[in-house]
Amino acid sequence: MLGSQSPMRSTLSPLACLALAAAATAQAPQWLLITPTNTPISRRDAGMDWDQAGNRLLMFGGVTQTPGAVLADTWSYNGQWTLLSTVTSNPRWGHKLVRNTANNRLMMFGGRSPTISGLASDTVEWTGAAWVTVPTTGAPAPRFLYGMTFDQARGVYVLFGGRGFTATFGDTWEYAPTTNTWTQRTLVDNPTPREEMAMVYDASLQRVILFGGYDRDTDTVYGDTWTFDGSNWVDVTPADPAASPSARYRTQTVYDSARLRTVLFGGFDGTQIQQQTFEFTGNVWSQVTMTTAVVPPNATEAVHGYDPTRRRTVVFGGFGTTGFSSATFEFSGATTGFFSTFGAGCPTSLGEPTLTSTTPRTNNAWTVTYGNLPADNELVMAVYGFSNSNWNGVPLPLDLGAIGLAGCNLLVSADAQVAQLTVPAANPGDPASASTTINVPNQASLVGVTLFVQGVLIDITPLGDIALPATTPGGRAVIGS
């Protein structure tokens, strides 16, 4: 396909379509204590997610502090808490409440129900006005403190792990809401058994993100990061410990759909309660430096969700440095840009070519560098696109075997192509490199816009023939302010 659109053809500006982007304004990262008129009683381990039809977050259940009582109340939150007094289901805690983005139904599974020490395996959906128990086939064993999210690209819920009556689970399940069927997945690679892990779906990466957790059977606290694309789990834990939160569980974690990143707050490392805020952008975690001194004390087992209308991460209740809480906090993150890599490149004799970048932001030059190139490489075709899922209706990744790159994949849509000569290394024999630079205009409407990039290495033989020997991994750039 790439060959049918000659890689040496005249290129268009990679920023040509950015004027269509939605406007955004710069903001600084901060936590704010909210003082709503009404507040639910303190609780931990309730479920909460976004109800698009009601333009609100919806919270159900949880468990109160000692002496504990399991709850069955439903609340909505849009800056103010409202008790939906006539809406109830079986009491439960230790469950997840997850929205199906296709039909706006929210689903919860199992948990401690209907008593504080009971354990369920029922599937319950929110219809927009009521909770309805759904008859299903093939349900997982009863459990609580599992991870669950909705895979928008494949239209299925993904559930991992959790705690049963006697053991910690390490199994992966999918629930198809169109057939009301649960299916256990048999996969080559899996995270180890765990409970109380962070688990969300990153729609921009089209991956489930899993971090940390705790295995009660072995008394192990985890600090690893995994992604799941529907075919297999992949361990993407950064090699540098500084590029990842310390091992922990009981965190508050959401996907910020406005800023295209996962937000993680708090957690328990087995000894101490942690109160840092981190963001995951695809291959590294970054700790967020706040602009105020406000930090939620309720840093473990709190109810949490993301409000896409108000662009806020919401944390309520939970347990922390001041004990049980009924406080509500909101987090607004910075509109900073970032660059992350994904997928695999096709290696040369030197190994896989590298892809690095400066931070993409408005009113600045954004430079992408293609490194670890053979010294005799002549140029790089920089492929820019607006998608990493399809190109002109063709699904990505796209096998490039048709143009002589068997086993290599095009990872981004080839909407723009820029040829760049390679630069020999300062020391003979060292790898060569190449770079492309785009001057990003000073336009607020570009903040949050995503571009994808990949390098295709080109050698020109003495006879003038073009050979395509390798590719870099893919790169995802989100423009910041």
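Points worth noting:
- Within segment 176-187, tally of residues that are open to solvent by 20 Å² or more (accessible area, probe 1.4 Å) and either touching a Phe, Trp or Tyr at 6+ places or on another chain (Cβ under 9 Å) or not in a loop (DSSP other than H, G, I, E, B) (or both): 7
- Residue list for segment 128-151, filter: closer than 12 Å to A176 by Cα, loosely packed, with under 15 Cβ neighbours inside 10 Å and of a type outside the set (V, I, T): G138
- Condition met for N78 (open to solvent by 10 Å² or more (accessible area, probe 1.4 Å), modelled with pLDDT of 95 or more and not charged (D, E, K, R)): yes
- Residue count for segment 262-281, restricted to those that are open to solvent by less than 40 Å² (accessible area, probe 1.4 Å) and either modelled with pLDDT of 95 or more or acidic (D, E) (or both): 11
- Residue within segment 152-173 that is surrounded by 24 or more Cβ atoms within 10 Å (Cβ to Cβ) and of a type in the set (A, V, I, L, M) present: yes
- Criterion: farther than 19 Å from F339 by Cα, over 32 Å from the mean Cα position of the chain (by Cα) and not acidic (D, E) - qualifying residue of P395, P469: P469
- Strands (runs of 3 or more DSSP E) fully within segment 331-393 counting 3 or more residues that are crowded, with 23+ Cβ neighbours inside 10 Å and of a type outside the set (D, E, K, R): 364-373, 379-385
- Within segment 14-40, being open to solvent by 70 Å² or more (accessible area, probe 1.4 Å), modelled with pLDDT of 95 or more and either within 30 Å of A419 (Cβ to Cβ) or β-branched (V, I, T) (or both) holds for T35, T37.
- Any hit, segment 49-58, residues being crowded, with 21+ Cβ neighbours inside 10 Å, at pLDDT below 95 and of a type outside the set (D, E): no
- There is no residue in segment 296-308 that is in contact with a Pro (Cβ under 9 Å, 6 or more places away or on another chain) and open to solvent by 20 Å² or more (accessible area, probe 1.4 Å).
- For segment 188-205, a residue qualifies if it is part of a loop (DSSP other than H, G, I, E, B) and in contact with a strand residue (DSSP E or B) (Cβ under 8 Å, 6 or more places away or on another chain), and the qualifying residues are D189, N190, P191, T192, P193, R194, E196, M197, A203, S204, L205.
- For P67: the one exception among (1) open to solvent by less than 80 Å² (accessible area, probe 1.4 Å); (2) closer than 21 Å to V303 by Cβ; (3) modelled with pLDDT under 75: (1)
- Selection of segment 161-175 for residues being assigned to a strand (DSSP E or B) and hydrophobic (A, V, I, L, M, F, W, C) yields F169, W173.
- A count restricted to segment 365-375 and to residues that are at pLDDT below 95 and farther than 19 Å from N283 by Cα stands at 4.
- Some residue of segment 220-241 being in a loop (DSSP other than H, G, I, E, B), farther than 21 Å from T341 by Cβ, out of contact with any Ser or Thr (no Cβ under 6 Å at 6 or more places or on another chain) and open to solvent by 20 Å² or more (accessible area, probe 1.4 Å): no
- Being open to solvent by less than 30 Å² (accessible area, probe 1.4 Å) and under 27 Å from P140 (Cα atoms) is true of D215.
The values are calculated or read from the model by the stated rules, or taken from the named source; none is laboratory data. Being a predicted model, the structure only gives us computed values, none of them experimental. Note that each Cβ is placed from the backbone with ideal geometry, even for glycine, and that neighbours are counted across all protein chains shown. Side chains included, ligands, DNA and RNA excluded: accessible areas come from the protein's heavy atoms. Shrake-Rupley method; radii C 1.70, N 1.55, O 1.52, S 1.80 Å.
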